[in-house]
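Any read-out appearing in this document is the output of simple, stated calculations on the displayed coordinates, not a laboratory observation. From a predicted model like this one, the values you see are computed outputs, not experimental measurements. In this analysis, Cβ positions are derived from the backbone assuming ideal geometry, glycine residues included, and neighbour counts consider all displayed protein chains.
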């Protein structure tokens, strides 16, 4: 996200919306997201040694906390250093802010896609096993790849008199002219496009698994039935996070296309600059919303966490009356009728 100066030519309504977003909505989303993600990480830590998706979810929540903490913090430093005496510090803050924003947001995006991909593969090939160690290795590789691409923003961004923290328009070079397209293609467009395909695959896989569960006879191994329900819950959790990322970040594609198609005359147009600045605020709100709602979606759907999952699967329905016994995140069914005394002792 690009940081622009405060001198705009927005109309009264746009100025009011911008003030409402920056002064009220963003702080509220930041506070909710920070406390929500921090609260969910310990619960995920207790179960991430057992499940690959839990490891991805823990990494995503941790990255969300960093985004919600660093973004306002570096914004505040930028405001403090926006003086003539601290021009050099302001410029480096601009570069660091851009790289930090892009790196953690793009890393979260790729972790979300990898988590959905792991669920899609498992739903169609149950023999596939992704250990938490493999998940951490994939996430580390994704972070290194994202950082190696986004670090080039250090050379493409500078302080412009009109646009503030923006692409270097005075001394354009390879990084300024072409590297933004590389960043947008690999770290914005690609995750969203892959995410759409993976979300469709996970949706089909969940429907396929539910059909198999309904067609299964109750006499079959109940431990496997519990395992299938747990995997279904993790798949739904991954799907919700993936859909949230797609829908809340899809406007970024349109805004990037508009920015890249900006002509030389539009670059000096203050009204055009104001519109781009407003779009940047909207993108920031959507990014904060996704970071904040991720913890809520995990709390509602993830197994092993006291939330919606425990309410739904506390007493599974069956053709026979059953007694439900909870042990951690596992649910063991014990048939009561049509069994001889002492048969299950």
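Computed from the Cβ-Cβ distance with R0 of 30 Å, the FRET efficiency linking residue 25 to residue 46 stands at 0.35.
Protection proxy ranking for 28-34, 132-138, 109-115, using the average of other Cβ atoms within 10 Å per residue and placing the highest first: 109-115, 28-34, 132-138. When 297, 154 are sorted by how many other C-beta atoms sit within 10 angstrom of their C-beta, beginning with the fewest, the order is 154, 297. As a rough guide to protection, the peptides 245-251, 52-58, 70-76 ranked by mean Cβ packing within 10 Å, highest first, stand as 52-58, 245-251, 70-76.
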